[in-house]
Amino acid sequence: MRLLVVNPNTTETMTAKIATAARSAAGPGTIIDAVTAPMGPESIEGHYDEAFAVPGVVKAIVAGATAGVDGAIIACFDDTGLDAARSAVAIPVVGICEAATHLVSPLAHRFAIVTTLSRSIPPLEMLIERYGVSRRCRVRAADVPVLALEDGASGALAKIEREIALALREDRAEAIILGCAGMTDLAADLARRFDVPVVDGVAAAVKMIEALCGIGLRTSKIGGYAPPLPKKYLGAMADFAPRLH
């Protein structure tokens, strides 16, 4: 089985970290191709960045599907471009927020997402509503810029640990989801420190996509994820215009 993992931002060091986590979670015989978005922002922090990251995500996933990967993972906790990618290809596509919230549900009655900046809370609240877990989940922000996770001198870990402690005490959380792909390398140590399940969305998405591909499931092409209709796109978007296949 060959899986594509797309980092929707353009920071190569984060892609390398994501690739390590994905390969650690993958089962025997699963090959991980990790790629950086070919265009877009260096980090995704809010609705504006997310909008300009979507074309790069779709481009990378279409290229992967054309090359023959069995499934794709969008490794941004905003699940950036998830619906567009599912419309563009037939292979299964999973977002790391979606995977993490589904995976944690059997493990704890209440849980919390600890993300980076406060501006990311509203998009994640909309996602947990979509995924049906909003009554069980609280979203917290450590006030750590995404790129600060790439530099060990920023004090980011201490801020994340503080929010986890508050979530366990104030929100009665029984498990924690790390709300950024840039936190993927922290999960095991945080689980040992706090003695609760700490879910990394990258690892969760690998196991989910392995399950979908392993039983031969593909994205439905009727209704919402039907292929886009052929039409002209103008300007910088011309290369993304849907064409007859």
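Of note:
- Cα gyration tensor shape of the chain, rounded if a/c is under 1.5, else prolate or oblate by comparing a/b with b/c: prolate
- Other residues with beta-carbon under 15 Å from the beta-carbon of L3 carry, at +1 per Lys or Arg and -1 per Asp or Glu, a net charge of +1.
- Considering only L149, G179, C137, and ranking their Cα positions along the charge dipole of segment 102-193 that arises from unit charges at the beta-carbon of Lys, Arg, Asp and Glu, the one farthest toward the positive end is C137.
- Taking every C-alpha pair closer than 8 Å and separated by at least 6 residues, the mean separation divided by the residue count of segment 1-149 gives a relative contact order of 21 percent.
- Taking all Cα pairs closer than 8 Å and separated by 6 or more residues, the relative contact order of segment 98-201 comes to 33 percent.
- The slack in the chain from I215 to D195, taken as 0.36 nm per residue of separation less the alpha-carbon distance, amounts to 3.8 nm.
- Candidates V144, V89, V114, ranked by Gaussian network fluctuation over the chain, Cα under 10 Å, top entry: V144
- Structure remark: mean-square fluctuation, Gaussian network model of the chain, C-alpha springs under 10 Å; the largest value among C137, C180, C213 belongs to C213.
- With the helix formula -39500 (n - 2.57) applied to DSSP H stretches of n ≥ 4, the chain reaches a computed 222 nm mean residue ellipticity of -12500 deg cm²/dmol.
- For the chain, built as a Gaussian network whose Cα springs stay under 10 Å, the top-fluctuating residue of A181, A53, A108: A108
- Simple label model, 7 Å out from Cα along Cβ direction - F240 to S105, nm: 3.0
- This ranking places M39, M14, M1 by how few other beta-carbon atoms lie within 10 Å of each, fewest first, which gives M39, M1, M14.
- Table column - 3J(HN,Hα) (Hz), segment 47-55, Karplus curve with 6.51, -1.76, 1.60, x for Gly and Pro: 4, 5, 4, 4, 4, 7, 8, 4, x
Quick note: the coordinates plus some simple rules give every number you see, no bench work behind them. Bear in mind that the values here come from a model prediction, so they are computed numbers and not experimental data. Every residue, glycine among them, receives a Cβ derived from its backbone with ideal geometry; neighbour counts consider all protein chains shown.
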